[in-house]
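J.: The structure that follows is given in the form of structure tokens.
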Amino acid sequence: MFENIYKRNLFSHICLYPFLKFEDIYKFLYQAVCGNNHLLKSKEDFIKSLDIEVKMIEEYLNLNQEIYKQKEKNEFADEPLLEFLREDKKYVRVNLRPYLQSGYDIDILKEACVRSAEKNIENSEKDLKEFIEVWNQFSEKVFNQSFYEEAEQYCKEYFSFSPTIKDKTKEFFKINLSKESFEEFNLFIVRKNYPIIHHSQEYLNLYKPYYRVLEHKELISKLELDS
């Protein structure tokens, strides 16, 4: 399951965000399998949080309009609008910065996120079981020689700009994804019964992520996006 549906998308994520930690890989795979079902626990909090982030981004964009016009000075110039989380493109991360810069309506995104969660909430228990299986399969492979060789080859083929290429992938895995950190992290998530977690502090500081996860079909039904 991990091999066929999730692995290549995870490699892409590692190429785009090469200093991620196990928390971030866990979060990526959790979202790839389970989507945004947890949103319905508090729609009010979801709307409030999204509104706050949108306001922050809009204020930043207004203050830095000239920088955003200069690609070499804009640290988010290459940020994609969509990041697919799995091979079948069921779930996607919508990055808020390019979404707002493209002039899309934030209310459409809110509606699409809620519909996505409502449609898939009945599968929550099944999805969690699938996620545990996927996570265990990933856990068995991540320290194999072949895993980082495949990751490196993928990055060389698709991401010529990625810091993980040029034979640095092995060092990357040693530094960022050590067995000790993995074992410690795995004990934590098992004790907590595979919870929803936050990004690592390193990921937050470096990449300043602002995105929402939803079913891709719910978004393209409202926006003129390529399917």
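Since every read-out is calculated from the coordinates, none of them should be taken as a lab result. It should be emphasised that the depicted structure is a prediction, and the values quoted were computed from it without experimental measurement. A quick note on method: Cβ atoms are made from the backbone with ideal geometry, for glycine too, and the neighbour counts reach across all protein chains shown.
J.: Quote to one decimal, in nm, the extra length available between I108 and N193 on full extension: 0.36 nm per residue of separation minus the C-alpha distance between them.
T.: Using 0.36 nm per residue and subtracting the Cα-Cα distance, I get 27.3 nm.
J.: I want to check the label-to-label distance for N186 and E58. Put each point 7 Å from Cα in the C-beta direction and report it in nm to one decimal.
T.: 4.6 nm
J.: Hey, another quick one. How far, in nm, would the chain grow between K222 and K48 when pulled straight, counting 0.36 nm per residue and subtracting the alpha carbon separation?
T.: Using 0.36 nm per residue and subtracting the Cα-Cα distance, I get 60.5 nm.
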